[in-house]
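The next block holds one structure in the form of structure tokens; read it before the comments.
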Amino acid sequence: NGGAEQAIELLKHRVDVISYTGGGEVGRIVAQAAAKHLTPVLLELGGKNPTIVTKNAHIPSAALRIAWGKITGNAGQLCVSPDYILVEESVKQQFTNELFKALDKLYPLSTYSMPSLEESGQTMYGDVGKMISVEYAQRVTDLIDSTCQIIYGGKTHKVDDRFVAPTVVEANADSNIMKSEIFGPVLAVVTVPNVQGAIDFVNTHYSSKGEHPLAMYIFSKSKEEQNQIMTSIPSGMCAINDVLKQSANYHLPFGGIGASGMNT
């Protein structure tokens with residue numbers, strides 16, 4: 001948990017095993033350094049985790065669980081956080097309406113638009129956490145640009161205090177927000193025509209490039225749809241009709257595939 005200088009020095013030495021959690025760019029540096037001594041590596045790298053909502057989902061439940069998982073889950077700063085939502089066109093409007101209601105219920109605007117000052121001197125924004133640094137807060141807000149459309153929130157950021165407000169944007173494959181892991185309290189919603197369209201989206205824009213997600217979430221009551229998606233999209237982990245909780249179950253394996261990690 002030291003700085004970059006200390007980590008670089010440690011990588012020069014022969015050790016029994018190297019375990020790294022973080023982004024792919026540094027993960028490649030770690031793997032290259034480990035190869036010199038044939039040191040085994042455990043890489044947990046994250047990625048763009050898709051959440052697929054089909055017309056056969058229980059829409060209110062899906063919206064509530066996604067909202068909870070994205071914001072309460074360390075303000076989106078989790079490797080298994082839902083990154084973007086692929087929702088079938090026939091239920092898109094119903095889903096976004098329920099998502100907005102869930103966000104309003106769990107994280108009322110009044111609780112973070114007027115922050116409180118704790119005795120410690122720390123500014124608190126209700127139940128919405130802060131980003132790890134000003135730099136990362138700026139990075140997340142910069143992703144919300146003209147290539148996507150804000151459909152919820154996005155107006156009360158306090159970047160200098162590391163706060164990014166819960167935000168939902170409508171995006172497509174060409175949006176800048178879809179080109180890297182968001183890692184913040186911002187959800188991108190992409191409309192697809194059907195389940196096969198969701199599968200094709202992930203495989204065309206990510207899986208075909210080796211960018212397999214660490215986690216994938218499927219919201220559908222149809223066993224046929226669940227199996228179709230799981231067998232068509234490679235992912236390190238998958239949860240059905242819920243988010244995050246698979247990583248908290250120590251009876252289940254945890255790890256990525258391809259660019260999202262190895263040997264974990």
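Before moving on, here are some points about what is shown:
- Under-5 Å amide H pairs with residue 241, H placed in peptide plane, nonlocal only: 218, 219, 220
- Note that the stretch 239-244 has calculated 3J(HN,Hα) couplings of 10, 10, 6, 6, 9, 6 Hz, one per residue in order, obtained from phi through the Karplus relation 6.51 cos²θ - 1.76 cosθ + 1.60 (θ = phi - 60°); glycine and proline are x.
- Local charge for residue 179 was computed over the other residues whose Cβ lies under 15 Å away, with Lys and Arg +1 and Asp and Glu -1, and equals -4.
- Accessible area per residue for the stretch 33-72 is 36 Å², calculated with a 1.4 Å probe on protein heavy atoms, without ligands, DNA or RNA.
- Taking 1.306 mPa s as the viscosity and 10 °C as the temperature, the Stokes-Einstein diffusion coefficient of the stretch 1-104 based on its alpha-carbon Kirkwood radius rounds to 97 µm²/s.
- Summed residue charge, Cβ within 10 Å of residue 244's Cβ, Lys/Arg positive, Asp/Glu negative: +2
- 3J(HN,Hα) from dihedral phi, the stretch 19-36, Karplus parametrisation 6.51/-1.76/1.60, rounded to Hz, x for glycine, proline: 10, 9, 10, x, x, x, 4, 6, x, 5, 5, 4, 5, 5, 5, 5, 4, 4
- Relative contact order of the chain, taken over Cα pairs closer than 8 Å and 6 or more residues apart, is 24 percent.
- Apolar share of the accessible surface for the chain: 53 percent from carbon plus sulfur atoms, 1.4 Å probe.
- Beta bridges per DSSP, both residues in the chain: antiparallel share near 25 percent.
- Given (i) 18.4; (ii) 16.4; (iii) 15.2, the label whose value is mean projected area of the Cα convex hull in nm² derived from this model: (iii)
- Electrostatic tally near residue 205: other residues with Cβ closer than 13 Å to its Cβ, Lys and Arg +1, Asp and Glu -1, net -1.
- 5 Å binning of all Cα-Cα separations within the stretch 141-264, expressed as whole percents from 0 upward: 2, 10, 16, 20, 20, 16, 11, 4, 1, 0
- Protein-only accessible surface order, largest first, of 211, 89 at 1.4 Å: 89, 211
- Under Karplus coefficients 6.51, -1.76 and 1.60, residue-wise ³J(HN,Hα) of the stretch 136-142 in Hz, glycine/proline x: 6, 4, 5, 4, 5, 5, 5
The values are calculated or read from the model by the stated rules, or taken from the named source; none is laboratory data. What you are looking at is a predicted structure, and each value in this text was computed from that prediction instead of being measured. In this analysis, Cβ positions are derived from the backbone assuming ideal geometry, glycine residues included, and neighbour counts consider all displayed protein chains. For the accessible areas, the whole protein counts, side chains as well, though only heavy atoms, and no ligand, DNA or RNA atoms are used. Shrake-Rupley method; radii C 1.70, N 1.55, O 1.52, S 1.80 Å.
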